[in-house]
Amino acid sequence: MPSQMTTIGKIVAPFGVKGEVKVYPYSDFLQRCYLLKEVQLVNKDICQLKIVQRAYIHKNMWILQFEDCHDREEARKLSGSLIKIRSSERIPLPSGSYYLDQIIGLKVLTADGKKLGCVSDIIKTGSNDVYVVNQEDAELKSTGSSLEILIPALKSVVKEINLQEGYILIELPEGLLD
């Protein structure tokens, strides 16, 4: 499989006695489990290609049956594995929407061209996301520290996201860096 893989869930436990596994989905699209045909399982530096024989939703979890997994003991051995798909198989998002892994790592620039740092994490607050930006400051570099800036992911703040060039252009709200 190509190296461009996206993690969409994690196997948390066996389910039943026929080799099914319970998966905690990392996807906002619960129905996407019905589209799974072939997945990669990654656990402790081991990658396995698995064919999905059956998939359904049970209590906001995915239940998957793999072609070569026939009993509870085989399913138990898969617990803790991350489920990955080719990035090209992700469900397309509407224009102006992005997957979290597309945002993390982007440079953050102000409208006047100042580089603030790079997005290291995204906090989901319920009302809007918040980008955690690690800022490398000259004074802080000498101490080995870094400064985090929290940028609200609002249209009034985030003016442009350019995945091809690898940056986010923002208009700083008054007092954000104070």
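Overview of results
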quantity: Any hit, region 81-102, residues being touching a strand residue (DSSP E or B) at 6+ places or on another chain (Cβ under 9 Å), among the charged types (D, E, K, R) and surrounded by fewer than 14 Cβ atoms within 10 Å (Cβ to Cβ); calculated: yes
quantity: Count of residues meeting criterion [of a type in the set (S, T, N, Q) and either assigned to a strand (DSSP E or B) or without any contact (Cβ under 8 Å) to a residue 24 or more places away in the chain (or both)] in region 84-127; calculated: 6
quantity: Residues that are assigned to a strand (DSSP E or B) and at pLDDT below 95, drawn from region 62-82; calculated: 82
quantity: Residues within region 84-133 that are among the acidic types (Asp, Glu) and more than 12 Å from the chain's Cα centre (by Cα), tallied; calculated: 3
quantity: When residues of region 2-55 are limited to those that are part of a loop (DSSP other than H, G, I, E, B) and small (Gly, Ala, Ser), the one modelled with the lowest pLDDT; calculated: 3
quantity: Single condition residue 136 does not satisfy, out of (1) at pLDDT below 85; (2) within 17 Å of the chain's Cα centre (by Cα); calculated: (2)
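The values are calculated or read from the model by the stated rules, or taken from the named source; none is laboratory data. What you see is a predicted model; the values in this text were computed from it and never measured. With ideal geometry, Cβ positions are generated from the backbone for all residues, glycine too; neighbour counts draw on all protein chains shown.
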